[in-house]
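Enquirer: One structure follows; several queries about it will come next.
The values are calculated or read from the model by the stated rules, or taken from the named source; none is laboratory data. Keep in mind that this is a model prediction, so the values were computed, not measured. All Cβ positions, glycine included, derive from the backbone under ideal geometry; neighbour counts span all protein chains shown.
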Amino acid sequence: MHKETNMRKFSKALLSASLVSVATNGYAQTPATSDKPAAVEAAAQPVYSIAGFDLTGHVDVGYTNLRGSGKFVSGINSRVFDFERNSLNLQAIDLQLARTPENGFGGLLDVTLGKDADTIAAYGTINKTRGPANGVDKRGDVTQAFAYYGAGPLSVIAGKYVTLSGAEVIKSAGNTNYSRSILFGYAIPFTHTGVRATYKLSDAVSLVGGVNQGWDAVQDTNSDKTLELQVGVTPSKSMSLLFTGYSGKERVTNYPRSDVNGTRNLLDVVATFNVSDPLTLILNYDYATQDGASASGGKAKWQGLAGYVNYQLSEQWRLSVRAEYFDDKDGYRTGVIQKWKEATATLAYLPNKNLELRAEVRGDRSDRQAFLKSDRVTPDRTERSLGVEALYKF
């Protein structure tokens, strides 16, 4: 982007991202040293501005060739967005109108159009009120909509907003791989509805606290609330850490609706290391439990670890490698008791500040015959894919 490499800008965004975790043009999930919402790979200028509200966004088109059915033997999708076997899709048109001043009132409206919208839509929206099997496929989602107030080191938002947890984000423009990680899809939530406050204690430490309806819910699924807390620490320019926790009672299942409620806890840790200008390393660990969700009616547990190596080969070329391990100890998240691994390599070409082209190869392996082959009948331990993506950012 201009004279500065995309990886350098990506690294700076990771180090300076706000704990508010809502971006002017992305969902920054990584450490926070600023009280203002951050920008990840934002365009130099918004395409439109009115009354201080800037319009930004991106168009995401992707092709997936999947050597499998895209399903587990449980019937649950084995991928987040790229679960179709041989398909070219308009994954998303993202439109975001935002005004988030350091001091004063503002707000943010973020609309996602396209195939991705049906996956991320929260419970209680028109997409997800009746469940994935018989819900209304609208290919549109109000991903974020909140009022904002900033007062120096303090900022407060109220409404619907993205989660604090995770190394990856909903918007593809904020990631370096085409496919999403296991942890993004199966370990953590996408969005919350409630109130969140961010306070910058110093240039190196920030805090976030909030009260939410729960995981991926606009309508409250029970009478209990979920608490969130995040501590961001940046001990040096080359290292940053995020510690995030969620705790609250959640309905064990929404589809079909369950009358069983139990406490759900999540610990999420993200560490970012800027080794050099071209090289960035990221580690993400998740551990979570859900009471009343195991086969015996006890506590279900899941945990996972993801590692990323992002290297800017030149100003126009970037290589991103990801490796993961996920232990669905009780089968609560995938419908299969399994230990699941994946490795992904993505090569990106960035001819200018607006356009990015990606080509990706990925392999998944389970210790069980968890995946269904393309005939949707035969179980298998592995699943492989090739992917191509075009992103236009504005």
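So that you can scan it fast, the table gives a plain yes or no per residue for (1) touching a Phe, Trp or Tyr at 6+ places or on another chain (Cβ under 8 Å); (2) surrounded by 15 or more Cβ atoms within 10 Å (Cβ to Cβ):
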site	(1), (2)
Ser258	no, yes
Thr263	no, yes
Asp268	yes, yes
Ala271	no, yes
Asp277	no, no
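Enquirer: In segment 343-368, how many residues are loosely packed, with under 15 Cβ neighbours inside 10 Å and over 23 Å from the mean Cα position of the chain (by Cα)?
Expert: Here the count works out to 3.
Enquirer: A further question on this structure: Looking at (1) part of a loop (DSSP other than H, G, I, E, B); (2) crowded, with 23+ Cβ neighbours inside 10 Å, which one does Gln230 not meet, given that it meets all the others?
Expert: Looking at each condition in turn, Gln230 falls short on (1).
Enquirer: Report, ordered by the first and then the second residue, all pairs with beta carbons closer than 6 Å, sequence separation of six or more or different chains, a first member in segment 93-104 that is touching a residue at least 40 places away in the same chain (Cβ under 8 Å) and under 19 Å from Arg139 (Cα atoms), and a second member that is part of a strand (DSSP E or B) and of a type in the set (Val, Ile, Thr).
Expert: Taking only residues 6 or more apart or on different chains, the pairs are Asp94/Thr112; Leu95/Val111; Gln96/Thr56.
Enquirer: In addition: Any residue that is at pLDDT 95 or above, outside any loop (DSSP other than H, G, I, E, B) and farther than 29 Å from Gly298 by Cα - is there at least one of those in segment 322-336?
Expert: Narrowing segment 322-336 to residues at pLDDT 95 or above: 322-336.
Pick out the ones that are also outside any loop (DSSP other than H, G, I, E, B) and you get 322-328.
Among the residues that remain, those that are also farther than 29 Å from Gly298 by Cα are: 322-323.
Within segment 322-336, one or more residues are at pLDDT 95 or above, outside any loop (DSSP other than H, G, I, E, B) and farther than 29 Å from Gly298 by Cα.
Enquirer: A further question follows. Need pairs with beta-carbon distance below 8 Å; first residue surrounded by fewer than 16 Cβ atoms within 10 Å (Cβ to Cβ) and within segment 292-310, second in a loop (DSSP other than H, G, I, E, B) and of a type outside the set (Ser, Thr, Tyr); sequence gap 6+ or separate chains.
Expert: These pairs meet every condition: Ala295/Asp330; Ala295/Gly331; Gly298/Asp291; Gly298/Gly292.
Enquirer: Six or more apart or on different chains, Cβ under 6 Å: which pairs go from a residue in segment 159-176 that's under 17 Å from Asp94 (Cα atoms) to one that's in a helix (DSSP H, G or I)? Could you list them?
Expert: Glu168/Phe184; Ile170/Ile120
Enquirer: Moving to a separate point now. Are there any pairs with C-beta distances below 6 angstrom linking a residue in segment 53-78 that is within 13 Å of Gln369 (Cβ to Cβ) to a residue that is of a type in the set (Phe, Trp, Tyr) and crowded, with 17+ Cβ neighbours inside 10 Å, with the two at least 6 apart or on different chains, and if so which?
Expert: What qualifies is Gly68/Phe371; Ser78/Phe72; Ser78/Phe371.
Listed here are the residues, each with its yes/no results for (1) part of a loop (DSSP other than H, G, I, E, B); (2) buried (at least 24 other Cβ atoms within 10 Å of the Cβ); (3) under 9 Å from the mean Cα position of the chain (by Cα).
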| residue | (1), (2), (3) |
| --- | --- |
| Val169 | yes, no, yes |
| Thr176 | yes, yes, no |
| His192 | no, yes, no |
| Val195 | no, no, no |
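Enquirer: Within segment 321-341, track down each residue that is farther than 22 Å from Ser294 by Cβ and buried (at least 23 other Cβ atoms within 10 Å of the Cβ). Even if it seems obvious, please write down each step before you answer.
Expert: Kept after step one, since they are farther than 22 Å from Ser294 by Cβ, are these residues of segment 321-341: 321-324, 341.
The one that is farther than 22 Å from Ser294 by Cβ and buried (at least 23 other Cβ atoms within 10 Å of the Cβ): Arg322.
Enquirer: Here's another thing I want to ask about it. For segment 69-99, enumerate the residues that are touching a strand residue (DSSP E or B) at 6+ places or on another chain (Cβ under 7 Å) and outside any strand (DSSP E or B).
Expert: If the condition is that a residue be touching a strand residue (DSSP E or B) at 6+ places or on another chain (Cβ under 7 Å) and outside any strand (DSSP E or B), then Ser69, Gly70, Val73, Ser78, Phe81, Asp82, Phe83, Glu84, Arg85 are the ones that fit.
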